[in-house]
Every structure is written in C-alpha cells, then in structure tokens.
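**Q** Just passing along the structure, written as structure tokens.
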Amino acid sequence: QVQVVESGGGLVQAGGSLRLSCAASGSIFRIGSIDWYRQAPGKQREWVASIDSGGSIAYVDSVKGRFTISRDNAKNTAFLQMNSLKPEDTAVYYCAVSIRGHNYWGQGTQVTVSS
C-alpha cells in the first residue's frame with residue numbers, strides 16, 4: 001500500500017506565496033514521475049507541473065515563471081513553490097505519484113487566493 005498526503009494549502013492574498021508538499025509513504029520501491037494537478041470549482045482537473053525521476057520538469061503555461069516544482073528523493077517528497085499567486089489559481093491541488101506505472105493520488109489541499 002502507498003499513501004500520498006498533500007499539505008501546505010491555505011488562504012493567501014493575490015501576489016502572495018504558498019509552498020505545497022506531497023509526501024509518499026508505504027510500500028515504495030522507486031518513485032517515477034510526480035505530478036501536480038488542480039481542480040477549481042465547476043472545472044475539470046488540470047495538470048499543473050511534473051518532475052520525473054531524472055529531474056526533468058514541465059509546467060502548464062499559466063504557471064510558468066511563478067511556480068517551481070522540486071523533489072527530495074531521499075524523503076519521497078515533492079514540493080510546489082507557488083509565487084505571485086492569482087485568484088485564478090484558487091483550486092484544490094492534488095499530487096499524483098507514479099510507482100511502477102500506477103498513479104497514487106492524495107486527498108488534495110485547498111488553495112484560495114483572494115483578490
């Protein structure tokens with residue numbers, strides 16, 4: 001069994017910053033890619049960023065230059081540093097951890113950006 005827990009969400013004013021964490025635990029052999037997604041009310045889940053086991057990184061255009069994804073392989077943890085937040089970044093943020101071709105999801109963490 002693998003458990004994934006996101007944390008670090010909260011309420012912040014526009015222009016502020018938050019740092020999300022994604023911690024995986026349990027029967028982990030080796031983590032492949034780690035992806036962050038978000039889902040705003042009434043909208044489909046949207047891919048935000050990913051980092052693979054080799055450190056290659058990709059972002060959706062709307063967060064480039066503002067968000068930074070990173071990972072600590074020794075601690076099976078990933079992070080999403082979010083700067084210059086905008087009201088349109090308001091969503092529940094989820095991480096997906098890929099292990100042996102299977103994605104494990106956390107319960108999500110709420111990010112609310114007020115204008």
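The values are calculated or read from the model by the stated rules, or taken from the named source; none is laboratory data. Fair warning: this is a prediction, and the values are worked out from it, not measured in the lab. Positions of Cβ are generated from backbone atoms using ideal geometry, with glycine treated the same way; all protein chains shown enter the neighbour counts. Only protein heavy atoms, including side chains, enter the accessible area calculation; ligands, DNA and RNA are left aside. Shrake-Rupley method; radii C 1.70, N 1.55, O 1.52, S 1.80 Å.
**Q** If you check Ala58, Ala78, which single one turns out to be open to solvent by less than 60 Å² (accessible area, probe 1.4 Å), hydrophobic (A, V, I, L, M, F, W, C) and in contact with a Cys (Cβ under 6 Å, 6 or more places away or on another chain)? Walk me through it before giving the result.
**A** Working: Ala58 fails: in contact with a Cys (Cβ under 6 Å, 6 or more places away or on another chain).
Ala78 is the lone residue from the list that is open to solvent by less than 60 Å² (accessible area, probe 1.4 Å), hydrophobic (A, V, I, L, M, F, W, C) and in contact with a Cys (Cβ under 6 Å, 6 or more places away or on another chain).
**Q** Which is surrounded by 13 or more Cβ atoms within 10 Å (Cβ to Cβ) and within 17 Å of Val5 (Cα to Cα), of Ser53, Ser27, Ser33?
**A** Values: Ser53 fails: within 17 Å of Val5 (Cα to Cα); Ser27 fails: surrounded by 13 or more Cβ atoms within 10 Å (Cβ to Cβ).
Exactly one residue qualifies, and that residue is Ser33.
**Q** Of the conditions (1) among the polar types (S, T, N, Q); (2) outside any loop (DSSP other than H, G, I, E, B); (3) over 29 Å from Gln1 (Cα atoms), Ser84 clears all except one; give me its number.
**A** (2)
**Q** Can you go through Ala58, Ala74 and tell me which one is within 18 Å of Cys22 (Cα to Cα), without any contact (Cβ under 8 Å) to a residue 12 or more places away in the chain and part of a helix (DSSP H, G or I)?
**A** On the way: Ala58 fails: part of a helix (DSSP H, G or I).
Every option except Ala74 fails the conditions.
**Q** For the range 49-71, enumerate the residues that are out of contact with any strand residue (DSSP E or B) (no Cβ under 6 Å at 6 or more places or on another chain), farther than 16 Å from Lys86 by Cβ and at pLDDT 95 or above.
**A** Listed by number, the list holds a single entry, Ser56.
**Q** Considering only the range 2-24, state which residues are on the phi < 0 side of the Ramachandran plot, out of contact with any helix residue (DSSP H, G or I) (no Cβ under 9 Å at 6 or more places or on another chain) and open to solvent by 40 Å² or more (accessible area, probe 1.4 Å).
**A** Result: Gln3, Val5, Ser7, Leu11, Gln13, Ser17, Arg19.
**Q** Against the condition modelled with pLDDT of 95 or more and crowded, with 21+ Cβ neighbours inside 10 Å, how does Tyr104 come out, does it pass?
**A** When the stated conditions are applied, Tyr104 does not pass them.
**Q** Moving on. Tell me yes or no: at least one residue of the range 37-48 is assigned to a strand (DSSP E or B), open to solvent by less than 40 Å² (accessible area, probe 1.4 Å), at pLDDT 95 or above and of a type in the set (Gly, Ala, Ser). Step through it out loud before you land on a result.
**A** Taking the range 37-48 as the starting set, the residues that turn out to be assigned to a strand (DSSP E or B) are 37-39, 46-48.
From the residues that got through so far, the ones that are open to solvent by less than 40 Å² (accessible area, probe 1.4 Å) too are 38, 48.
Filter again for at pLDDT 95 or above, leaving 38, 48.
Within this subset, residues satisfying the condition of being of a type in the set (Gly, Ala, Ser) are none.
Looking for residues that are assigned to a strand (DSSP E or B), open to solvent by less than 40 Å² (accessible area, probe 1.4 Å), at pLDDT 95 or above and of a type in the set (Gly, Ala, Ser), one finds none in the range 37-48, hence no.
**Q** Kindly provide the set of residues from the range 87-114 that are closer than 18 Å to Ser21 by Cβ and assigned to a loop (DSSP other than H, G, I, E, B), ordered by number.
**A** The answer is Gly106, Gln107, Gly108.
**Q** Also: Looking at Ser25, Ser53, can you tell me which residue is assigned to a strand (DSSP E or B), of a type in the set (S, T, N, Q) and in contact (Cβ under 8 Å) with a residue 12 or more places away in the chain?
**A** Ser25
**Q** Please work out if Ser33 is without any contact (Cβ under 8 Å) to a residue 60 or more places away in the chain and of a type in the set (Gly, Ala, Ser). Talk me through it step by step, then tell me what you get.
**A** Working: without any contact (Cβ under 8 Å) to a residue 60 or more places away in the chain: no; of a type in the set (Gly, Ala, Ser): yes.
Against the criterion (without any contact (Cβ under 8 Å) to a residue 60 or more places away in the chain and of a type in the set (Gly, Ala, Ser)), Ser33 does not qualify.
**Q** Just to check your reading of the model, which residue among Ile51, Ile57, Ile31 is among the β-branched types (Val, Ile, Thr) and in contact with a Lys or Arg (Cβ under 6 Å, 6 or more places away or on another chain)? Steps first, please.
**A** Values: Ile57 fails: in contact with a Lys or Arg (Cβ under 6 Å, 6 or more places away or on another chain); Ile31 fails: in contact with a Lys or Arg (Cβ under 6 Å, 6 or more places away or on another chain).
Exactly one of Ile51, Ile57, Ile31 is among the β-branched types (Val, Ile, Thr) and in contact with a Lys or Arg (Cβ under 6 Å, 6 or more places away or on another chain), namely Ile51.
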